[in-house]
Amino acid sequence: MLLTACTQTPDFEPYDGRALRIAVVGDPPDVNAEQVKFNEISFDELTNEELSSYDAVIMTENNLPKAAEAKYADTYTDSSIPFFFISASSHIPFTVNDIEYNDSWKWEVGKSYAVGVLKSKKNDTFHRWGYGLYNDELTDESIRDVYSRILKTIDELNH
């Protein structure tokens, strides 16, 4: 007799890269990565001078409506570090001045759970990333996996 078992979720890989310093507008995420320091900042601190000591900025879900205000679009598109928007299905309401943020830009099944943007220093191109949830399920594990993948992206950008 042969007995096998299947797991419902895969073994998500935690972030194990270099030390990172991440600015967070909102509550810092619950991520098991001792080498990552999350510092909570305000919208008033979204200047190149204030952000120069960070590897990236994360905007949390509760701050997305304010983050999409037109006055911040240039901050994201001209930044030398990436910005990531949690629970947003697209970067458009944050980087295009004429687009208003509303519920249609929030995460829903079948769309990205988080998006990131960065203007390349080398060739002036605009990089975009999208991170989906495992099986489109909003669980603590799948959210931690998204953060781990975001941290890996940030680490790869700096090497």
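The values are calculated or read from the model by the stated rules, or taken from the named source; none is laboratory data. All figures in this text were calculated on a predicted structure; none of them were measured in a lab. Neighbour counts are summed over all protein chains in view; Cβ atoms, including those assigned to glycine, are modelled from backbone coordinates with ideal geometry. Surface areas here come from the heavy atoms of the whole protein model, side chains and all, with no ligands, DNA or RNA. Shrake-Rupley method; radii C 1.70, N 1.55, O 1.52, S 1.80 Å.
For segment 8-17, the count of residues that are touching a residue at least 40 places away in the same chain (Cβ under 8 Å), more than 15 Å from Leu151 (Cα to Cα) and assigned to a loop (DSSP other than H, G, I, E, B) is at least one. Within segment 99-158, the residues that satisfy the criterion of being aliphatic (A, V, I, L, M) and either touching a His at 6+ places or on another chain (Cβ under 9 Å) or farther than 20 Å from Asp11 by Cα (or both) are Ile99, Val109, Ala114, Val115, Val117, Leu118, Ile154, Leu157. Any idea which of Glu141, Glu156 is open to solvent by 20 Å² or more (accessible area, probe 1.4 Å), in a helix (DSSP H, G or I) and farther than 18 Å from Ala23 by Cα? That would be Glu141, the only listed residue that is open to solvent by 20 Å² or more (accessible area, probe 1.4 Å), in a helix (DSSP H, G or I) and farther than 18 Å from Ala23 by Cα.
The residues of segment 90-105 that are of a type in the set (A, V, I, L, M) and part of a helix (DSSP H, G or I) amount to a single one, Ile92. For segment 48-62, residues that are in contact with a Gly (Cβ under 7 Å, 6 or more places away or on another chain) and either open to solvent by 90 Å² or more (accessible area, probe 1.4 Å) or at pLDDT below 95 (or both) total 1. Here segment 19-35 is the region considered, the condition is being touching a helix residue (DSSP H, G or I) at 6+ places or on another chain (Cβ under 6 Å) and outside any strand (DSSP E or B), and the residue that is modelled with the lowest pLDDT is Val31.
Across segment 73-80, not a single residue is classified as assigned to a helix (DSSP H, G or I) and in contact with an Asp or Glu (Cβ under 8 Å, 6 or more places away or on another chain). Taking first residues from segment 36-59 that are part of a loop (DSSP other than H, G, I, E, B) and partners that are among the small types (Gly, Ala, Ser), the Cβ contacts under 7 Å between residues at least 6 apart in sequence or on separate chains come to Tyr54/Ala23.
If you check Glu45 against the conditions, is it among the acidic types (Asp, Glu), open to solvent by less than 70 Å² (accessible area, probe 1.4 Å), over 14 Å from the mean Cα position of the chain (by Cα) and within 22 Å of Ile22 (Cα to Cα)?
Details: among the acidic types (Asp, Glu): yes; open to solvent by less than 70 Å² (accessible area, probe 1.4 Å): yes; over 14 Å from the mean Cα position of the chain (by Cα): yes; within 22 Å of Ile22 (Cα to Cα): yes.
Judged against the criteria, Glu45 is a match.
Any residue at all in segment 88-104 that's out of contact with any strand residue (DSSP E or B) (no Cβ under 7 Å at 6 or more places or on another chain), among the hydroxyl-bearing types (Ser, Thr, Tyr) and at pLDDT below 90? It would help to see each step written out before you state the result.
Kept after step one, since they are out of contact with any strand residue (DSSP E or B) (no Cβ under 7 Å at 6 or more places or on another chain), are these residues of segment 88-104: 92-93, 96-104.
Narrowing the set further to residues that are among the hydroxyl-bearing types (Ser, Thr, Tyr) leaves 101, 104.
After this cut, where a residue has to be at pLDDT below 90 as well, the list is 101, 104.
Checking segment 88-104: at least one residue is out of contact with any strand residue (DSSP E or B) (no Cβ under 7 Å at 6 or more places or on another chain), among the hydroxyl-bearing types (Ser, Thr, Tyr) and at pLDDT below 90.
Look through segment 102-138, keep the residues that are under 29 Å from Ser53 (Cα atoms) and over 16 Å from the mean Cα position of the chain (by Cα), and return whichever of them is least open to solvent (accessible area, probe 1.4 Å).
Going through segment 102-138, the residues under 29 Å from Ser53 (Cα atoms) turn out to be 112-132.
Imposing the further condition that a residue be over 16 Å from the mean Cα position of the chain (by Cα) reduces the set to 120-125.
Details: Ser120: 20, Lys121: 162, Lys122: 193, Asn123: 96, Asp124: 104, Thr125: 55 Å².
My answer is Ser120.
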